[in-house]
Amino acid sequence: MFQLLSTLITTLQPMRYSYNLRLLLARSCLSPFRMPGSLPAVCEAAWPKDVGIMAVEVYVPSQYVEQAELEEFDGVGAGKYTVGLGQARMGFCSDREDISSLCLTVVQRLMEHSGLSYQSVGRLEVGTETIIDKSKSTKTVLMQLFEESGNTDVDGVDTTNACYGGTAALFNAVNWVESSSWDGRYALVVAGDIAVYATGGARPTGGAGAVAMLVGPNAPLAFERGLRGTHMRHAYDFYKPDMVSEYPVVDGKLSIQCYLSALDRCYSIYRNKIHAQWQREGLDKRCSLADFGFMVFHSPYCKLVQKSLARLMLNDFLCHPSPDTESGPFSGLEAFRDVKIEDTYFDRDVEKAFMKASSEAFENKTKASLLISNQNGNMYTPSVYGCLASVLAQHTPQQLAGQRIGVFSYGSGFAATLYSIKVTQDATPGSSLDKLVSSLCDLQARLDSRKKVSPDVFAQNMKLREETHHLANYIPQGSVEELFPGTWYLTRVDEKHRRQYARRSVSDDRPLEAGLLTSSNAAEVCFSNWYLFHMILMYFHNN
């Protein structure tokens, strides 16, 4: 029955994504999660096993602009955004959505789809660089969702450092579960941002969205303990010094250099750590790209990700004591044997040669990760986790089982980490991995269900956001009807800058609703196979 549900989800009408049916299918079986409750005394000294990501929810805005049409609108050469940057579409928000509404939406959807009680969450971490208040955290706004459950015992606040904040929040959650502070409950991590730029060359690298991740023990995506390579330095490559503007200050060339240099250093540190681990286990081998089933990267734009994978192959080549340049992946690269890594950031000959040499590895390990990045743009803190979700959405549990996934997270300023996740070996129907993959199998359908708008309408929305940013006593002008069902939105900002929100109904044919829709009893909901099948047939009959 679970496989039938997965198949049905993937065949939903692509014309308009039905949140209501997806919620119905998600609730049709008992939740795979059970509230852990207080940690038993007998377990207090135990180290939780396989701590990692148990569930993932992705939210992208309901509107997008085509990058090819934006090229024409901006008067630039054809292919500048689509080929040069590797971008196809860019999602964006009207003034009806802000960072708090994005996070409210993605958190409530994760809780509804997983069937969890809010009482089962003991830590809530938010990573974002979209700041609407210099004191009050987005996490405190999300606590509205917990009110009906009565759970106020929830650790965590916001973490900020450009696009790295989501990773720092995720590390905080994992460390909490592995620490003496853990009380046996789940941690919830939210990464969300609205990436907007002033008119000009950087604007097509924008985007918006949020990703929520449930963290706990015995996870299908387990963090490999001790395998993190981190590199942090001071740089003004991208920063937001203007407190009254959403727009950043960007040094494009410096930003690329910082990103690639951080990747080099993090990869070197990671390889040293895994090599030491292997030596302790009695293994004598070198770490290379071959040891990763998949590699995902923070994606400011897709072409940089392709160059980044080539960069890892360059590192493998230069560190190898005697690479075979006659055959295999390093074939024909002997001319680059003596280059210095720090001199190659903008060397077009090196870039071209290693992008060609790594093309097969890119197709197999990384290309699938760029689905959301290509179709929605840069989401800042959720970017790399949107890439992770894209990999999960486009592979079967059997293809993922046992694989090592490398994750490179970068945030300007700058902070970066390369770490790895090990996928569970259990890919059987109904397993935690099977449920995780099935929850994301409609990702392409969700992207296709968005509404395309003209570049002119997009520009008008950007102008509206610019003119109304941080206004008090303001009622947003954007259309609520264009939002996806179940989306939280901003209703007004009062004279004291206090923001009020409502949620659009999860049903397309019901009026808009304010307030909370909780899932505290969702874990107890279980339809019989006959009733579920009847409801599915009714849905397709009516639509």
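³J(HN,Hα) across segment 330-336 via Karplus (A = 6.51, B = -1.76, C = 1.60, θ = phi - 60°), whole Hz, x for Gly/Pro?
The phi angles translate into 9, 4, x, 9, 4, 5, 9 Hz.
Output wanted: per-residue J couplings in Hz (rounded whole) for segment 174-190, from phi through Karplus 6.51 cos²θ - 1.76 cosθ + 1.60, θ = phi - 60°, x for Gly and Pro.
4, 4, 5, 5, 8, 9, 6, 7, 5, 10, x, 8, 7, 10, 10, 10, 10
Which residues does the label zone of GLN277 cover in segment 394-415, counting backbone N under 18 Å from a point 7 Å along Cα→Cβ?
401-409
Mind listing the long-range amide H neighbours of ASP426? Cut-off is under 5 Å, sequence gap 5 or more, other chains count too, H placed in the peptide plane at 1.01 Å from N.
Under 5 Å from the amide H of ASP426 lies no amide H from a residue far enough along the sequence or on another chain.
How large is the accessible surface of ILE475 in square angstrom, using a 1.4 angstrom probe and rounding to the nearest 10?
110
Could you pull the accessible area for HIS469 with a 1.4 Å probe, rounded to 10 Å²?
40
Please arrange MET295, MET143, MET232 by accessible surface area, largest first, computed with a 1.4 Å probe and ligands excluded.
The residues order as MET232, MET143, MET295, largest area first.
Take the alpha carbon gyration tensor of segment 52-504, find the square roots of its eigenvalues, order them as a ≥ b ≥ c, and report rounded if a/c is under 1.5; if not, report prolate when a/b exceeds b/c, else oblate.
Because a/c hits 1.5 or more and a/b fails to exceed b/c, segment 52-504 counts as oblate.
Kindly sort ASP434, ASP183 by accessible area of their heavy atoms, largest first, with the probe set to 1.4 Å.
The ordering from most to least exposed comes out as ASP183, ASP434.
By how many nm would the segment from SER135 to ASP242 grow when fully extended, if each residue of separation counts as 0.36 nm and the alpha-carbon distance is taken off?
Working it through step by step, the gained length comes to 36.9 nm.
If we count every other residue with Cβ under 15 angstrom of SER369's Cβ, Lys/Arg +1 and Asp/Glu -1, where does the sum land? Intermediate results must be reported in sequence, preceding the final value.
Working: positive: LYS303, LYS307, LYS365, LYS367, ARG404; negative: GLU363.
Once positives and negatives cancel, what remains is +4.
What is the distance, in nm, between label points placed 7 Å from the Cα along the Cα-to-Cβ direction at ASP284 and at GLU351?
Calculated label separation equals 4.1 nm.
Determine ³J(HN,Hα), in whole Hz, for all residues of segment 220-234 in sequence, where each value follows from phi through the Karplus function 6.51 cos²θ - 1.76 cosθ + 1.60 and θ = phi - 60°; x replaces Gly and Pro.
x, 10, 9, 5, 7, 4, x, 10, 9, x, 10, 9, 9, 8, 9
Distance from the Cα centre of segment 331-388 to that of segment 428-446, in angstrom?
Computed from Cα coordinates, the inter-centre distance equals 28 Å.
What full-extension length gain, to one decimal in nm, is calculated for ASP291 and THR396 as 0.36 nm per residue of separation minus the Cα-Cα distance?
Working: separation 105, 0.36 × 105 = 37.80 nm, distance 1.98 nm.
That works out to 35.8 nm of additional length.
Of LEU388, GLN444, LEU170, whose Cα points farthest to the positive end of the dipole of segment 52-504 (charges on the beta-carbon: +1 Lys, Arg; -1 Asp, Glu; origin at the Cα centre)?
So the residue furthest toward the plus end is LEU170.
Starting from the residue with the highest accessible area, list THR160, THR167 in decreasing order, probe 1.4 Å.
The residues order as THR160, THR167, largest area first.
Nearest 0.05, what FRET efficiency do VAL480 and LYS452 give at R0 = 22 Å with Cβ-Cβ as r?
The formula returns an efficiency of 0.70 here.
Going by average Cβ density within 10 Å per residue, which order do the peptides 364-370, 208-214, 459-465, 404-410 take, highest to lowest?
208-214, 404-410, 364-370, 459-465
Amide H neighbours of GLN63 under 5 Å, at least 5 residues apart or on other chains, H built in the peptide plane: list them.
PHE92, LYS451
Per-residue accessible area for THR230 at 1.4 Å probe radius, Å² rounded to 10?
60
Can you pull the one-decimal nm distance between simple spin-label points at HIS469 and ALA198, each 7 Å off the Cα toward Cβ?
1.0
List the residues, sorted by chain then number, that are 5 or more residues from ALA235 or on another chain and whose placed amide H is less than 5 Å from its amide H.
GLY413, PHE414
Set the Förster distance to 60 Å, then compute FRET efficiency between ASP494 and TRP47 from the Cβ-Cβ distance, nearest 0.05.
0.80
The values are calculated or read from the model by the stated rules, or taken from the named source; none is laboratory data. Keep in mind it's a predicted model, so treat the numbers as computed, not measured. Don't worry about glycine lacking a Cβ; one is built from the backbone with ideal geometry, like all the others, and counts go over all protein chains shown. The protein model used for the area step is the full one, side chains on, heavy atoms only, and it has no ligands, DNA or RNA in it. Shrake-Rupley method; radii C 1.70, N 1.55, O 1.52, S 1.80 Å.
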